[in-house]
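The structure under discussion appears below in the form of structure tokens.
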Amino acid sequence: MSNPSVEGERGGEARHIGFLLVPDFSFIAFASAVEPLRMANRMSGSELYRWSLYSVDGQPVRASNEIELPTQPAVPGARACDVVLVCAGERVCDFADRLLLFCLRRLAREKRPLGAICTGSYLLAKAGLLDGYRSTIHWENMASLREEFPEVIVSPELFEIDRDRYTCSGGTAPLDMMLNLIHRQHGGHLAIAISEEFICERIRGRNDRQRVPLRLHLGTSQPKLVEAVSLMEANLEEPMSLDEIARHVRLSRRQLERLFQKHLHCVPTRYYLELRLTRARQLLLQTPMTVVDVAFACGFVSAPHFSKCYRDSFGIPPRDERRMRGGAGAGRKAERKVLALRPEFTASLPHAAASGRDPA
């Protein structure tokens, strides 16, 4: 893996980090990325880093917690940055409009290193900028990213740095990615000092887990139960029979059923069904896959059977839930708002982008 230019020493010049904010971005993920930069400057006594906030139209952007931040237009502003990180959050699909994708592709064509925080990886993938790259995303979005973008090498790691692409899962993981970068660029003493200032007992590496280990998540140290659940999670598209699972974990079917009843208070088949339905809901709300494709991807033999199970579990048919959650319409509304507010922005775009055709 080659080191991108942002990691190289450049004398005393401060590195410029751009944050491209998308509506409903995760504020904790954004803050976890920018605060280590501020602390690096404070503790070193010099300006090691500076940062700027961007959006497609230069208007204020509201985070998922309703806090609104001022921004400047990404084009041409972000061209001066050493790396541009896309910050997104829930409903990221709604904001994957052609103007945002055009901005990202334009920056990539200018050889600007790009990255993403939380669900921002989806937008880079949608722009075709993660094909062949090892990348990560928040664990809730991993399945949908794999389904929609098979050319992307989706990693379960905390963060990934592959050539000129920086991707990071959400929550506090950006803190660890930035501390690792500071360690590379300015040494371990500074990175550790920053970690201590933030009351972090250690700096996690890229190979640390995004999720709580299964044995802790289940609240049990039963290795056979953990093994059985792991098999279920790994085989959602083609579900295993209960007898197959029992044989793999070297238990009888009755023993396996007793384990589930004692520790999870349900039968194994019910637990397995809930895992598949949870995955189906993620795909339904995070991807444009049809209901039929979602059903087959989660091991259901027919769409009607899937719809019935979904309605029994969530109280609403899958088509109705997708319709109520907004779908891609919100992205088109946001795009029309950009065109109305800043017609001078679209005047600078190629005719294809301004007219609605994909400029890539």
* Label points 7 Å out from Cα along the Cβ direction at R311 and D131: separation in nm? -> 4.1
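Can you figure out the FRET efficiency of H248 with W139, using R₀ = 25 Å and their beta-carbon distance, to the nearest 0.05?
Details: r = 24 Å, r/R0 = 0.97.
The calculated FRET efficiency here is 0.55.
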* Cα to Cα, under 20 Å, and not fewer than 8 places away if on the same chain: which aspartates and glutamates meet these conditions relative to K224? -> E233, D243, E244, E257, E274
* Jot down the radius of gyration and Dmax of segment 214-324, Cα atoms only, both in angstrom. => 14.9, 45
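Can you put V292, V83, V92 in order, fewest other beta carbons within 10 Å first? Working shown, then result.
On the way: V292 12, V83 22, V92 28.
Ascending number of Cβ neighbours within 10 Å: V292, V83, V92.
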* For P268, net neighbour charge (Lys/Arg +1, Asp/Glu -1) across residues whose Cβ lies under 14 Å away -> +2
* Whose amide H sits under 5 Å from the amide H of L85, counting only residues 5 or more places off or on another chain, with H placed in the peptide plane? -> G18, F19, L20, G115
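So for I161, I199, fewest C-beta neighbours within 10 Å to most, what's the order?
Working: I161 22, I199 6.
Listed from fewest to most nearby Cβ atoms, that is I199, I161.
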* What is the distance, in nm, between label points placed 7 Å from the Cα along the Cα-to-Cβ direction at R319 and at T290? -> 1.2
* To do: Report P(r) for segment 104-263: all Cα-Cα distances, bin width 5 Å, range 0 to the bin holding the largest distance, values in whole percent.
  => 1, 8, 14, 15, 14, 13, 11, 10, 6, 4, 2, 1, 0
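Counting other C-beta atoms within 10 Å, which of K126, K224, K111 has the fewest, and how do the rest follow?
K111, K224, K126
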* Structure fact -> Taking alpha-carbon centroids only, segment 47-98 lies from segment 226-282 a number of Å equal to 42
* **Pairwise label distance in nanometres, E227 with E47, each label 7 Å out on the Cα-Cβ vector** => 6.0
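Bear in mind that the values in this text are calculations on the coordinates, not laboratory data. Everything numeric here is computed off the predicted structure, so don't read it as measured data. In this analysis, Cβ positions are derived from the backbone assuming ideal geometry, glycine residues included, and neighbour counts consider all displayed protein chains.
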